[in-house]
Amino acid sequence: MTPLEGTVSTPLGIIMNGVTGRMGYRQHLVRSILAIRDSGGLELADGRRVVPEPVLVGRNERKLAEIAAQHGIERWTTDLDEALADDSAPIYFDAQVTQAREAAIKAAIAAGKHVYTEKPTSESLAGALDLAKLAREAGVKNGVVHDKLYLPGLVKLKRLIDGGFFGRILSVRGEFGYWVFEGDWQPAQRPSWNYRKEDGGGIVVDMFCHWAYVLENLFGRPQAVTAKAVTHVPTRRDERGEAYEATADDAAYGIFELPDGVVAQINSSWAVRVYRDELVEFQVDGTEGSAVAGLRECRIQHRATTPMPVWNPDLPVTERFRDQWQVVPDNADLDNGFRIQWEQFLRHVLEDAPHPYDFLAGARGVQLAELGLQSSAEGRRLEIPELTA
C-alpha cells in the first residue's frame, strides 16, 4: 500500500466494523474519526491533509442506517466482504466482540488492508500470534488500541517516571472497578455476555490485556504473574430480564513481577463499591517519592515532605492524609486519548511514523490473560516467556 497522493486534502476511506457498540461508537467513531474529519482532517508532515471517510460495517442494518444519517456518513454495509473490496478504503478497524475479531482481521489482511483493532486481538494466544505473523508476512501496518496510556493521569505519571521523581521504584498498586448491577432491581451497566465464559466474557480476559501494556510501557514488561480469578456474583439477569448463570470471572486479584524487583499488585472487580477518587487508580512508591494517578488526576508526595505517621490505636487520627499530597498540573493540552492514537496510527500508515503498539504487543496482553487464568486455576506463580511471531 503506497502513501496517498494529493495536494490540499485527500479522502481516506476507513472501514469501521462494530461501531454500533458503546466504545466503538463513542470513542472511535464520534470522538476520533469524525472529530478528525470535522476539524478539516489530519495534516501530515509534508503539508498534505487527509480527511477520514468512515465506511460502517455491522450486523444491524437499522443501527448502521441511523448512525450514518445522524453523522452524514455516506457508506455503510452489513457485508464485510463488500467493504473489504473497496480500494478507496485502505484501513480496516475492528471493535466487534472478541469472538468475531480474529476471522474478520484475517479477511482484512488477506484483502491487503492495514489493520487497527481493539483488544484482545484474539480469544487465544495462538490466534493472536497468528495474526501478528500474517500481518508481518503480508507487509501491512497493524496496531492495537492502548488507550489507558493516554489517560491524563497516566500521562502525568509517565512524566514523573521520566523525570526521575521516584528514585528507585519499589512497588505499584492498582485498583480498578465498580459495582455492576445484577440486573434485577436495576439494569446492568455492562452487557450480559461479559459474564458468560462461553461468549468470551470475564474480567481477566477484559482487563489483563490493559494491565500488560500499562505495566510494560511505564515500569517494564511483566516477568511473572500470580493471580486469583473469582466469580463473586453467580447469578445475573440479562437484557430481557431473564436470570442466567455467570460462568465468567467478575473479579481478579493479581501480582505481577516486573524488572529490577518492582512488584505490582492490581485488583480488578465488577463487584466492588468505589471508595476512591476515580474508577481506576495506581499508587507508585519509590525511594524518593510516591504518586497516585487516576483517569485524570495525579497527586504526589516527595520524600522531603513525607510526614511521620505514628501507629496508635488508642487515639483518633488527627491528620488528613490526603491533604498532605500535591496535585500534579496538566502543563499541556491533553486531548482525547483515542483520537491521539488514531492520529498516530494514520501517520504510521501514511508516513511510516513510529507506532510500537502492534499485533505482537497485543499478543502479550492475550498471553498475560491466559497465564493469569492458568495461575488462578493451578494456584501457582507462572513465569512469562518472551514472544515472537
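At-a-glance table
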read-out: Most mobile of 186, 265, 301 in a GNM of the chain (Cα contacts under 10 Å); value: 186
read-out: Estimated 222 nm signal from helices in the chain, with DSSP H stretches of n ≥ 4 weighted -39500 (n - 2.57), rounded to 500; value: -8500 deg cm²/dmol
read-out: Electrostatic dipole magnitude of the range 235-389 [Cβ: Lys, Arg +1; Asp, Glu -1; Cα centre; debye, to 20]; value: 380 debye
read-out: For the range 223-228, 3J(HN,Hα) per residue [Karplus equation, 6.51 cos²θ - 1.76 cosθ + 1.60, θ = phi - 60°, Hz, x = Gly/Pro]; value: 10, 7, 9, 10, 9, 9
read-out: Low-density loop cleavage sites - trypsin sites (Lys or Arg not before Pro) in the range 253-331, where at most 15 other Cβ are within 10 Å (DSSP); value: 273, 276, 296, 320
read-out: In Hz, Karplus ³J(HN,Hα) per residue of the range 241-249 (6.51, -1.76, 1.60; θ = phi - 60°; x = Gly, Pro); value: x, 8, 5, 9, 7, 7, 9, 10, 5
read-out: Length gained when the stretch residue 353-residue 283 is fully extended (0.36 nm per residue, less Cα-Cα span); value: 21.9 nm
read-out: Full-stretch length increase - residue 232, residue 333 - with 0.36 nm per residue and alpha-carbon distance subtracted; value: 32.3 nm
read-out: Of all DSSP beta bridges in the chain, antiparallel share, percent nearest 5; value: 55 percent
read-out: Long-range HN-HN contacts of residue 115 with modeled amide H, under 5 Å; value: 92, 141, 142, 143
read-out: Accessible area (Å², per residue) of the range 113-265, counting only protein heavy atoms and a probe of 1.4 Å; value: 41 Å²
read-out: Integer Hz, Karplus 6.51/-1.76/1.60 couplings in order for the range 289-297, x for Gly and Pro; value: x, 10, 8, 10, 10, x, 4, 10, 9
read-out: Residues with amide H under 5 Å from that of residue 298, placed H, sequence gap 5 or more; value: 328
read-out: Sulfur and carbon atoms: percent of accessible area, the chain [1.4 Å]; value: 50 percent
read-out: Loop GluC sites (Glu not before Pro), the range 257-352, which have at most 10 other Cβ atoms in a 10 Å radius of their Cβ (DSSP); value: 319
read-out: For residue 10, distant residues with modelled amide H under 5 Å away; value: 49, 50, 51
read-out: Within a Gaussian network of the chain (alpha carbon springs, distance under 10 Å), most fluctuating of 147, 358, 330; value: 330
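The values are calculated or read from the model by the stated rules, or taken from the named source; none is laboratory data. Here the structure is a predicted model, which means the values were calculated and not measured. A quick note on method: Cβ atoms are made from the backbone with ideal geometry, for glycine too, and the neighbour counts reach across all protein chains shown. Just so you know, the surface numbers come from the protein's heavy atoms only, side chains and all, with ligands and any DNA or RNA stripped out. Shrake-Rupley method; radii C 1.70, N 1.55, O 1.52, S 1.80 Å.
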